[in-house]
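Student: Got a structure for you, questions after.
The values are calculated or read from the model by the stated rules, or taken from the named source; none is laboratory data. Keep in mind that what you see is a predicted model, and the values were worked out from it rather than measured. Heads up, the Cβs are rebuilt from the backbone with ideal geometry, glycines too, and the neighbour counts pull from every protein chain shown. Ligands, DNA and RNA are excluded from the accessible area calculation, which covers all protein heavy atoms including side chains. Shrake-Rupley method; radii C 1.70, N 1.55, O 1.52, S 1.80 Å.
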Amino acid sequence: MASSLPLNPRKNPQQARSEGLVAAILEAAAQVLAEEGAARFTTARVAERAGVSVGSLYQYFPNKAAILFRLQVNEWQRTSSMMRRIVEDLSKPAHDRIRELVQVFIHSECEEAAMRVALSDAAPLYRDTQETRVFRRAGRETIRQYIAGALPASVPADAQTTAAEMIRLTLTSAGKRFSESPRTQDEITRCAEAMADMFIAYIDALEQRHNTGSGQA
């Protein structure tokens, strides 16, 4: 049963040697997942690739789902950090920033696809973990921050909130659906460009609507 799969590490590494071992296990896990796929991902293969015993692996990860979840969390953190840096880079125009943000997110979704398949048995557990909630909050805040900077003050706060949520939902839902099938780099880039075009048209229309409304008032 999925509910019997613990996702948290058995213990956290306290010394440099232990941290190195965990890093080696995670690197090996990423390689095995990329080369063998979700169906052939096992703790034995990960341990063999990392050059450690299965017993050593189990000191830190109770099962393969825990390893995969740690990889997923690391990817979430990397993606959140990249998206935040893009939004906060005010040296670039707002349109350029949303294009870059969408590219980063869609590429990340496609890179994570194999992990999501491999984690499917544990999905009911990790959907409501603290790490998942943190990632979702970070995503909402990043999009909200972008919208606040991209739209003028003439656009009311409630309209900005709606715009941020619509973009977030479209980005995450469409990104997940798109990534469920194998994609080439060109396909990923084209999808991200098309989605960014859609978001930019929506933002421009929203700005024009409220600027026109304020001009008529």
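Student: Peptides 108-115, 186-193: what's the order by average Cβ count within 10 Å, highest mean first?
Tutor: Values: 108-115: 19.8, 186-193: 15.9.
Listed from highest to lowest mean packing, they are 108-115, 186-193.
Student: About its Cα centre, what dipole magnitude does the range 116-193 give when the only charges are +1 on Lys and Arg Cβ and -1 on Asp and Glu Cβ, stated in debye to the nearest 20? Display every interim value, and only then the final one.
Tutor: Details: 12 positive and 10 negative charges, 26 e Å.
Result for the range 116-193 is approximately 120 debye, rounded to the nearest 20.
Student: I've got another one for you. For the chain, what is the accessible area per residue in Å² when the probe is 1.4 Å?
Tutor: Working: 11890 Å² over 217 residues.
That works out to 55 Å² per residue.
Student: Percent of alpha carbon pairs in the range 137-189 separated by more than 14 Å?
Tutor: For the range 137-189, the share of Cα pairs beyond 14 Å comes to 60 percent.
Student: What is the helix-to-structure angle for 94-118, meaning the angle in degrees between its Cα long axis and the longest Cα principal axis of the chain, kept from 0 to 90 and rounded to the nearest 10?
Tutor: 30
Student: Looking at the chain, I'd like the Rg to Rh ratio, where Rg is from alpha-carbon atoms and Rh is Kirkwood's inverse mean 1/r.
Tutor: 1.07
Student: To the nearest 20 debye, what charge dipole does the chain have about its Cα centre, counting +1 at the Cβ of each Lys and Arg and -1 at the Cβ of each Asp and Glu?
Tutor: Values: 27 positive and 26 negative charges, 138 e Å.
Approximately 660 debye in magnitude.
Student: Another question, then. Taking the 0 to 90 degree range and rounding to the nearest ten, how far is the long axis of helix 157-179 tilted relative to the main principal axis of the chain, both from C-alpha atoms?
Tutor: The answer is roughly 40 degrees.
Student: If you wrap a convex hull around the C-alpha atoms of the range 38-150 and split its volume per residue, what is the figure in Å³? The partial results should precede the final answer.
Tutor: Working: hull volume 12.6 nm³, N = 113.
Expressed per residue, the convex hull around the Cα atoms of the range 38-150 is 111 Å³.
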